[in-house]
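Structure first, then comments.
The values are calculated or read from the model by the stated rules, or taken from the named source; none is laboratory data. Everything quoted here is computed from the prediction, not taken from an experiment. Just so you know, the surface numbers come from the protein's heavy atoms only, side chains and all, with ligands and any DNA or RNA stripped out. Shrake-Rupley method; radii C 1.70, N 1.55, O 1.52, S 1.80 Å.
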Amino acid sequence: VATSALEINFTRLLSRCESIASEKRGETEWRLEKYVGSLEEMLAALRKSHSKPTAEVLTEYTRKVDFLKGLLEAEKLPSPTDKALANQFLAPGRTPTIANERMSATKTVHMQTKGRCTAEMRDELLSTVRATDLRNRRGLPLDERQSAAELEAVLQHHHNLQEKLAEDMLNLARNLKNNTLAAQNIIKQDNQTLGQSMRQADVNLEKLKTESERLEQHTKKSINWLLWLMLILVSFIFISMILFIRIFPRLR
């Protein structure tokens, strides 16, 4: 079924929204909300269209639009904790929107949003701890100040460890993605090779079938010639015997 102009425009706008959502946006950024509103209107028109896509495709479109709407609503929440909790309930799309995507863009946006919420929660926690520590230091004895300094050093050390762990996890995810893409390319090449082999096998099977038919016809012709030759030979012997009997009558 040919893709309608409405669906083409819808997928282009959806891809643009996914691209904007993956970028770091300021509070003055208004385009994404307007674009998502337009997506909702176009999706409603697609459902009513005579050349509408299949039910599975419509479900995937709805899933992606709902994800973008939920993402906008989560960003309006006041605290990083609320944002992180709302982000957990978002369901990204399962398939890429455009052909040149390796993975669904909404899945990438979902992972990026999770990372940002986690970083905001960590920064908020550290800011609270440091502010409390600074208030407690004023008027504390020297020993308690040293303990507070040691506590801050420990917190900073754990913060550095968390950042290093996050960086290691990011590198691991990147390596896993590269390995997955490499495996996909290998599987794709193997499938192409297997497809070529199967096509060649089909061609060889057709050739073998044709040659078998020719051989069968040739065998039938050979059998026919041999049969005629035997008939002629038997007839010749029979006539010869008759002539021999006529020429040399039996002795009395």
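Annotations for the structure displayed:
- The chain, accessible surface, carbon-and-sulfur percent (1.4 angstrom probe): 60
- Overall form of region 49-128 per C-alpha gyration tensor (a/c, 1.5; a/b vs b/c): prolate
- Most to least accessible of 12, 31, 214 (protein chains only, probe 1.4 Å): 12, 214, 31
- In this structure the amide hydrogen of residue 93, modeled in the peptide plane, comes within under 5 Å of the amide hydrogens of 106, 107, none closer than 5 places in sequence on its chain.
- Over the chain, the pair-distance histogram of Cα-Cα distances with 10 Å bins from zero comes to 5, 16, 16, 14, 10, 8, 6, 5, 4, 4, 4, 3, 2, 1, 1, 0, 0 percent, rounded to whole numbers.
- Rolling a 1.4 Å probe across the protein heavy atoms gives the chain an accessible surface of 78 Å² per residue.
- Extended-chain gain in nm, criterion 0.36 nm per residue less alpha-carbon gap, residue 168 and residue 156: 2.5 nm
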